[in-house]
Amino acid sequence: MKYVKQFSIILLISFLGEVLNHLIPFPIPASIYGIVILFICLQTKIIPLSAIRETGDFLVQIMPLMFVPAAVGLLNSWDIIQASCLQYLVIILVSTVVVMVVSGKVTQHIVGHTHSDTEKGEVENV
């Protein structure tokens, strides 16, 4: 029953993201609205992390399984993709490197601020 409650909370947040997507005329996906709502609720302790931790961990663990249908769709379109295979590989390589560099720089920036705040005694629970 605990997992049903946790999953219901996550689904409710996702539904609120869908509602916001229909109400706000910006080209932002509903899932982004949902992630932002969930982040705000967790940061403000409206929803304690313990209220969704196990289900969130489970969803992250099965995430690779969610890519199987997309991979099958690519295989079904191989005759179309094959002509532009080199261009796709270059785009994938460049975008992967860019994401890795940006993610690393952001992480270094955040960790640097966390360490400097901890040394000053400003951050107690990270």
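Just a few scattered comments:
- For the chain, the solvent-accessible area with a 1.4 angstrom probe is 82 square angstrom per residue.
- Accessible area (Å², 1.4 Å probe, nearest 10) - Leu86: 130 Å²
- Solvent-accessible area, 1.4 Å probe, carbon plus sulfur percent, for region 39-109: 75 percent
- When His109, His22 are compared by accessible area of protein heavy atoms, the largest-first order is His22, His109, using a 1.4 Å probe.
- Relative to the longest principal axis of the Cα atoms of the chain, helix 2-23 runs at roughly 70 degrees.
- Rounded to the nearest 500, the 222 nm mean residue ellipticity of the chain from helices alone is -24500 deg cm²/dmol, with -39,500 (n - 2.57) taken per DSSP H run of at least 4 residues.
- Accessible surface, 1.4 Å probe, highest first, among residues Ile110, Ile81: Ile110, Ile81
- Gain on full extension, evaluated as 0.36 nm per residue between Lys2 and Met100 minus their Cα-Cα distance, stands at 31.7 nm.
The values are calculated or read from the model by the stated rules, or taken from the named source; none is laboratory data. This structure is a prediction, so every number in the text was calculated from the model and none was measured. Areas reflect the complete protein model, heavy atoms only, side chains present, ligands, DNA and RNA absent. Shrake-Rupley method; radii C 1.70, N 1.55, O 1.52, S 1.80 Å.
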